[in-house]
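Only one structure is covered here, and it is reproduced in the block below.
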Amino acid sequence: MADLRIKIGSLLFKNPVMMASGTCGYGSEFDDFIDIEQLGGIIVKGTTLEPREGNPYPRMAETASGMLNAVGLQNKGIDYFVKNIYPHLSQYGTNVIVNINGNTVEEYAELAGRLTDLTAIPAIELNISCPNVKRGGMIFGTNPDAAREVIASVRKVYHKTLIVKLSPNVTDISEFARISAGEGADAVSLINTLVGMAIDTKTMKPRLSTITGGLSGPAIKPVALRMVWQAAKAVTIPVIGIGGIMNAEDALEFIMAGAIGVQVGTASFIEPRTAINVISGIKSFLEAGGFASVSEITGIINRN
Amino acid sequence: MKKRIEDLTVTENRRLTDSFFVLKVTSSLTLPEILPGQFVQVLVADSPSTFLRRPLSVHDVNVTENTVSFLIQVAGKGTERLSRLTQGEKLNMIYPLGNSFTLPHKGEKVLLTGGGCGMAPLLYLGRMTKEAGAEVNFAFGFRNRLRIPEHKEFKKLGIVHLATEDGSEGCKGLLTDIPALREEKWDRVYSCGPELMMKAVAAECLRREIFCEVSLENLMACGIGACLCCVVSTISGNMCTCTDGPVFNVRNLKWQISG
């Protein structure tokens, strides 16, 4: 039996496969299809201090091998989350991680502080990469000084496992990985969506109400893989690979490029059982290859 | 109601017009309870340009045959591929999804309005309406007579009023020009079709204070309430068309219409 366990900071994951924020709701949406507890973890919907209605419809456009979204962090805010969603989440026997978003550094820090007290939330994912909000989000993830400031402020108040979710909409991803490590993050996760757009030539209008949105799905996998490889070479903290993973083979590519674990995102919209299938596929691969643990192949392309 | 993900088998694929076809599938298991207004998300196989599943509203359910059917209009590459499915082929479906129409009470007089492929969910709704002991009437609008799919199944359930924009069949004009809609007394009106048509029906119902439910066809990705892409603006904020809908009472929608 290959050992699938991984560790990020002091936090143990039963396997390296998680479901990505914004693609798995709060877990219960998938209860009819999978046992959430079999996952390494779930990163629940991006949460903000105040409730957000998100962007106007239309918020989604299908593209070649992918989709654009412009949801814009629709959520009911941290108070509602703590009171109405957390009690259910605290029942799951897996790592439930909350993705947090602020308009300002102070908001990020306040959110992190609020989440510290929730014993069943062992980690947060600092989202400095949402491309669909006017303030905050990607602005922090594409400016080195802003990234440094927000990560440092959150680190000061949050002492559990801190993951920083990076934006691919930068020239040099390794710089942002280094900043995250330097400011004390326990891991980086990447990539968030790539900024893109689509136009309906019949109506001669943009397909998204916001004109631009975030591209996800297999269309972005080669870019994501390259960035994960670059980030993994740049830092010693764990890197979590995200971007267009549809099956175990895709996930194995990220692991071989240097990712300690992966997040399955858009694929779950098409096949809600994808993350579970990825776990069993990784397991079969390791066993067939005679590997004792997943760590034996992590970053294998970078060795010699 | 537990949702399933399952490979169903095509038992029939029947062309009705140039663009309309009826696809019927069966399950090796007993079909779950499916309510009128609910939909399924189908996977379009061997079609690289259709990345996401396609939502299809349930056209009819036959419990004895253990089949569910869909009335589909070819609109793009996904529906084009579905139109070529042959008997025995598999169709992967996530179902049943969404809420359902509120069924009328016994003795009520009900009008089911639809435009184009919006007539799809109204057959099953009509069947259940009749079973509930209410009087079923349909009103459909089309561009011209060539666009009208065969509708004898509808005629078995009640009167069918037709409108065509060019007057080649039924009353000339839009669905809302059908005199019965404005002149007769209705206990409930249901609608599915293009948004402008549903808004016109809704306006008439709000004006006359008639109960009115519409089924929306917002673009969606997941169909299970996870992605939040298919939202509609309601008096309670943004709601998911896939899980809070697709059926909404028009009083709850923030449609800019004059009642």
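The values are calculated or read from the model by the stated rules, or taken from the named source; none is laboratory data. All figures in this text were calculated on a predicted structure; none of them were measured in a lab. Cβ placement follows ideal geometry from the backbone for every residue including glycine, while neighbour counts extend to all protein chains displayed.
Of all residues being part of a loop (DSSP other than H, G, I, E, B) and touching a Leu at 6+ places or on another chain (Cβ under 7 Å) in the stretch A:91-106, which is surrounded by the fewest Cβ atoms within 10 Å (Cβ to Cβ)? Just the residue, please. Only one residue fits best here, namely A:Thr94. Residue count for the stretch A:116-131 satisfying the condition of being crowded, with 24+ Cβ neighbours inside 10 Å and over 16 Å from A:Glu149 (Cβ atoms): 4.
Take the residues in the stretch B:2-16 that are surrounded by 15 or more Cβ atoms within 10 Å (Cβ to Cβ) and touching a Pro at 6+ places or on another chain (Cβ under 8 Å); name whichever of them is farthest from the other protein chains (Cβ to nearest Cβ). So, considering only residues that are surrounded by 15 or more Cβ atoms within 10 Å (Cβ to Cβ) and touching a Pro at 6+ places or on another chain (Cβ under 8 Å), the one farthest from the other protein chains (Cβ to nearest Cβ) is B:Leu16. Within the stretch A:257-279, the residues that satisfy the criterion of being out of contact with any Ser or Thr (no Cβ under 8 Å at 6 or more places or on another chain) and of a type in the set (A, V, I, L, M) are A:Ala257, A:Val262, A:Ile270, A:Ile276, A:Val278, A:Ile279. The set of residues in the stretch A:131-165 that are under 17 Å from the mean Cα position of the chain (by Cα) and among the aromatic types (Phe, Trp, Tyr) contains only A:Phe140. Every test in (1) closer than 22 Å to A:Lys165 by Cα; (2) away from every other protein chain (no Cβ under 12 Å) is passed by A:Lys83 save one, and that test is (1). Residues of the stretch A:66-90 that are crowded, with 16+ Cβ neighbours inside 10 Å, more than 19 Å from the chain's Cα centre (by Cα) and touching a residue at least 40 places away in the same chain (Cβ under 8 Å): A:Ile85 alone.
Among the numbered conditions (1) over 25 Å from A:Asn69 (Cα atoms); (2) out of contact with any helix residue (DSSP H, G or I) (no Cβ under 9 Å at 6 or more places or on another chain); (3) buried (at least 23 other Cβ atoms within 10 Å of the Cβ), the only one that A:Ala112 does not meet is (2).
If you go through the stretch B:214-259 and keep only what is touching a Phe, Trp or Tyr at 6+ places or on another chain (Cβ under 7 Å), buried (at least 23 other Cβ atoms within 10 Å of the Cβ) and over 15 Å from A:Arg59 (Cα atoms), you end up with B:Val214, B:Pro246, B:Val247.
If you go through the stretch B:191-240 one residue at a time, how many are facing chain A (nearest Cβ under 7 Å), β-branched (Val, Ile, Thr) and in contact (Cβ under 8 Å) with a residue 40 or more places away in the chain? Here the count works out to 1.
Entry remark, the stretch A:228-261: residues being free of Cβ contacts under 8 Å to residues at least 60 places away in the same chain, in contact with a strand residue (DSSP E or B) (Cβ under 9 Å, 6 or more places away or on another chain), under 13 Å from A:Leu190 (Cα atoms) and not in a loop (DSSP other than H, G, I, E, B) number 4 in total.
Checked against (1) away from every other protein chain (no Cβ under 14 Å); (2) under 16 Å from the mean Cα position of the chain (by Cα); (3) modelled with pLDDT of 95 or more, B:Glu153 passes all but condition (3). Report yes if some residue within the stretch A:32-39 is assigned to a loop (DSSP other than H, G, I, E, B) and either surrounded by 23 or more Cβ atoms within 10 Å (Cβ to Cβ) or touching a helix residue (DSSP H, G or I) at 6+ places or on another chain (Cβ under 7 Å) (or both); otherwise report no. Looking for residues that are assigned to a loop (DSSP other than H, G, I, E, B) and either surrounded by 23 or more Cβ atoms within 10 Å (Cβ to Cβ) or touching a helix residue (DSSP H, G or I) at 6+ places or on another chain (Cβ under 7 Å) (or both), one finds at least one in the stretch A:32-39, hence yes. Out of curiosity, is B:Val201 among the β-branched types (Val, Ile, Thr) and outside any strand (DSSP E or B)? The answer is yes for B:Val201.
When the residues of the stretch A:46-60 are filtered to those that are buried (at least 23 other Cβ atoms within 10 Å of the Cβ) and not in a loop (DSSP other than H, G, I, E, B), the one that is farthest from the other protein chains (Cβ to nearest Cβ) is A:Thr47.
If only residues of the stretch B:41-83 that are away from chain A (no Cβ under 14 Å), aliphatic (A, V, I, L, M) and outside any loop (DSSP other than H, G, I, E, B) are counted, the one that is farthest from the chain's Cα centre (by Cα) is B:Leu82. Scan the stretch A:107-137 residue by residue and report those that are farther than 22 Å from A:Asn192 by Cα and not in a helix (DSSP H, G or I). Matches in the stretch A:107-137: A:Asp117, A:Leu118, A:Thr119, A:Ala120.
Scanning the stretch B:44-68 for residues that are exposed (fewer than 14 other Cβ atoms within 10 Å of the Cβ), more than 16 Å from B:Ile5 (Cα to Cα) and of a type in the set (A, V, I, L, M, F, W, C) yields a single hit, B:Val63.
One residue alone among A:Gly72, A:Gly25 is within 14 Å of another protein chain (Cβ to nearest Cβ), within 20 Å of A:Val262 (Cβ to Cβ), assigned to a loop (DSSP other than H, G, I, E, B) and of a type outside the set (Lys, Arg), and that residue is A:Gly25.
The set of residues in the stretch A:262-285 being within 14 Å of chain B (Cβ to nearest Cβ), buried (at least 24 other Cβ atoms within 10 Å of the Cβ) and assigned to a helix (DSSP H, G or I) consists of A:Ala267, A:Ser268, A:Phe269, A:Thr274, A:Ala275.
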